[in-house]
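Just so you know, all these numbers are worked out from the coordinates, no wet-lab data involved. The structure presented is a predicted model; accordingly, all values stated were derived computationally and were not measured. Note that we place each Cβ from the backbone using ideal geometry, even for glycine, and neighbour counts take in every protein chain shown.
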Amino acid sequence: MTTIKRLRVLVHIWLPAIATLYFVGSLIWDLPGTESLLGMLAIATLFFGCILNLGEKTYYSYDGNFDGRVVIRLKEDGTKSYMLELKTPPEDMDEREYLTFSVGTVIAD
């Protein structure tokens with residue numbers, strides 16, 4: 001698992017789960033510092049979520065991070081044709097866990 005995937009799991013699953021667990025535990029056992037801890041976990045979740053989102057937008061803005069492109073051609077008669085342009089050789093695809101493609105639309109002459 002890559003570092004980005006680990007951070008996503010931490011931010012999207014573990015931090016909210018810990019906050020919920022502590023909140024429920026504080027209701028049952030009257031644990032101290034509930035508001036402070038929940039506030040800190042909310043701030044950390046928001047901050048790291050923003051950082052991950054900005055990083056993802058930057059990553060996907062670079063065309064070299066895609067394995068290929070799906071080209072949609074719009075013809076004059078209103079029909080569409082689809083073409084797959086591969087950057088990753090097909091023989092290497094079975095070694096990959098994921099493939100990522102960008103989508104582009106071209107108006108045919």
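Hydrodynamic radius of the chain by the Kirkwood approach over all distinct alpha-carbon pairs: 17.9 Å.
For a straight C-alpha distance cut-off of 22 angstrom, the lysines reachable from K87 (same-chain residues fewer than eight places away being disregarded) are K57.
Loop-located GluC sites (Glu not before Pro) in region 1-78 (DSSP state other than H, G, I, E, B) with a sparse environment of at most 14 neighbouring Cβ atoms within 10 Å: E76. Could you give the distance between the Cα centres of region 3-35 and region 47-104, to the whole Å? Value for the Cα centre distance between the two parts: 35 Å. The alpha-carbon of K5 sits under 13 angstrom from the alpha-carbons of these aspartates and glutamates, leaving out residues fewer than 8 places away in its chain: E56, E97. The calculated FRET efficiency for the pair L46 and R96, based on their C-beta separation and a Förster distance of 35 Å, comes to about 0.60.
With +1 assigned to the C-beta of every Lys and Arg and -1 to the C-beta of every Asp and Glu, and no other charges, what is the dipole magnitude of the chain about the Cα centre in debye, to the nearest 20? Walk me through the intermediate numbers first.
Numbers: 10 positive and 14 negative charges, 48 e Å.
Using only the charged Cβ atoms, the result is roughly 220 debye.
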